[in-house]
Amino acid sequence: MQIGFFDVNKRLERLDKLNDPLKVLLNLIDFEIFREEIEKGLEKERKDNSGRKPFDKVMLFKGLIIKRLYDLSNDELEFQITDRTTFRRFLGIDENAMSPDANTFWLFSDELSKNGIIDKLFAKFDEFLNNKGYTAQGGTMIDASFVEVPKQRNTKEENKEIKEGKIPQSFTKNVHRFAQKDTDARWTKKGDVNYYGYKNHVNADVKYKFVRNYEVTSAEVHDSQPFISLLMEYINRNSFPCAAWADSAYMSDDLLKFLASKGIQANVNERAYRNKPLTEEQKADNRIKSRTRARVEHIFGFMENTLSAGMIRTIGIIRAKSQVALINLTYNLFRFCQLEKAKSLVMA
């Protein structure tokens, strides 16, 4: 039996009752705000107008949002868009129209990475948030989370050369092998767990819990190293925060002096040292600070549980930065929808 227009509509209505997250994004966010930055960044002069018209770039960007939300490969993304009505509705593709293939999405994503466009889209949405009344308020929270990549099986000699900033000769002998080697990712250890990949350092405002800016480094970089650059970019984009929250990994005299010089209240958890445990007063003080600081963990919780952000399948820091930027942007998109829905319930 042939499926008719009304059959599709009834199916979509039923899916809407089951809380399709893509419909929520579609209702509350006008993705046209990203068009100028995408098209300007990927602008290329066409030799002629022959051949198939290229796919709409905003539609392809929305496809990357789907890919991130459902943790899909490019091949899986192609299959699901072909198969799923909700995905096609979100992308604005008619039931009988041709959809992009896996290679189209790979090329589009790679172009965004090479041109640093996701960073610009992130800034564009931050501007959108400010215009909607969600300006950064209540102070700032800074923290970092591991973003792992597929582990490399290298020899000790190869790993030593990579740490020294060299490219092992064994990699360059085989161009196909070299294409699969990530020489930017690093190993590190936290507690008893080893991690391989990168770190997503974020700066979020306390009141709304939006990621206001971020920095991506290899995994071995200490959490505290990007603190000042993150804070200064936050100040340049927003204003001086009244206070800054961070866990004990960020505690240092230099950091406290820096915050004092800017007139920013330092709410950094104190840490114990060998033969110098925390006093009961310090523990109580840390608990008070953690009531606010812990809000940043909600951000990482959403990223890891909903966006599968604990692992990305890329090679090299340029692509890793682009993927982490997309994770941060996607989180902000959903956080905006969450706040807008809460606001509408209050007003109802």
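Qualifying GluC sites (Glu not before Pro) in region 117-196, where qualification requires a DSSP coil assignment and no more than 12 other C-beta atoms within 10 Å, comprise GLU164. Within the listed set ASN328, ASN200, ASN96, the Gaussian network model of the chain (springs between alpha-carbon atoms below 10 Å) gives the highest mean-square fluctuation for ASN96. For ALA309, the residues whose amide H sits under 5 Å from its own are GLU304, ignoring neighbours fewer than 5 places away on the same chain, with H placed 1.01 Å from N. Please check which bits of region 117-147 a label hung off GLU340 would reach, taking the label as a point 7 Å along Cα-to-C-beta and the cut-off as backbone N under 18 Å. So the set is 121-136. Only alpha carbons enter this Debye calculation for region 20-118, each as an equal point scatterer, and the log10 of I(q)/I(0) it gives at q = 0.20, 0.23 Å⁻¹ is -1.11, -1.41. Over the chain, DSSP H runs of length four or greater, each weighted -39,500 (n - 2.57), average out per residue to a 222 nm ellipticity of -16000 deg cm²/dmol. Under the simplified labelling scheme, the ASN305-ILE318 pair shows an inter-label distance of 3.7 nm, with each label point 7 Å from Cα along Cα→Cβ. 3J(HN,Hα) along region 177-184, derived from phi through the Karplus expression 6.51 cos²θ - 1.76 cosθ + 1.60 where θ = phi - 60°, amounts to 5, 4, 5, 9, 9, 9, 9, 9 Hz, with x in place of Gly and Pro. The stretch between ALA243 and GLU281 holds 11.6 nm of extra length on full extension. This uses 0.36 nm per residue minus the Cα-Cα distance.
Residues whose amide H falls under 5 Å from that of THR217, counting only those 5 or more places apart or on a different chain, are LYS199, HIS201, with hydrogens built in the peptide plane.
Label-to-label distance, PHE79 versus ASN194, with points set 7 angstrom from Cα along the beta-carbon direction: 3.2 nm.
Applying the criteria of a DSSP loop state and at most 16 other Cβ atoms within 10 Å to the GluC sites (Glu not before Pro) of region 23-124 yields GLU43, GLU45, GLU95.
Stretched out straight at 0.36 nm per residue, the stretch from ARG271 to ASN174 would grow longer than its current Cα-Cα span by 30.1 nm.
Note on region 84-144: Kirkwood radius taken over Cα pairs, Stokes-Einstein applied at 10 °C and 1.306 mPa s, translational D equal to 105 µm² s⁻¹. Over all orientations, region 114-259 has a Cα convex hull whose mean projected area works out to 11.1 square nanometres. Just in region 267-348: which trypsin sites (Lys or Arg not before Pro) are loop by DSSP and have at most 15 other Cβ atoms within 10 Å? When the trypsin sites (Lys or Arg not before Pro) of region 267-348 are filtered for loop state and at most 15 Cβ neighbours within 10 Å, ARG271, ARG274, ARG313 remain.
Spin-label pair ARG153-ILE167: with each label point 7 Å from Cα along the Cα-Cβ axis, the two points sit 2.3 nm from one another.
With the convex hull drawn around the C-alpha atoms of region 181-310, the volume per residue stands at 145 Å³.
Residues whose amide H lies under 5 Å from that of GLN225, counting only those 5 or more places away or on a different chain, are absent; hydrogens are built 1.01 Å from N in the peptide plane.
Coordinate-derived values only; no laboratory data. Treat the numbers as computed from the prediction; the structure is a model and nothing was measured. Cβ coordinates were reconstructed from backbone atoms using ideal geometry, including for glycine residues, and neighbour counts include every protein chain displayed.
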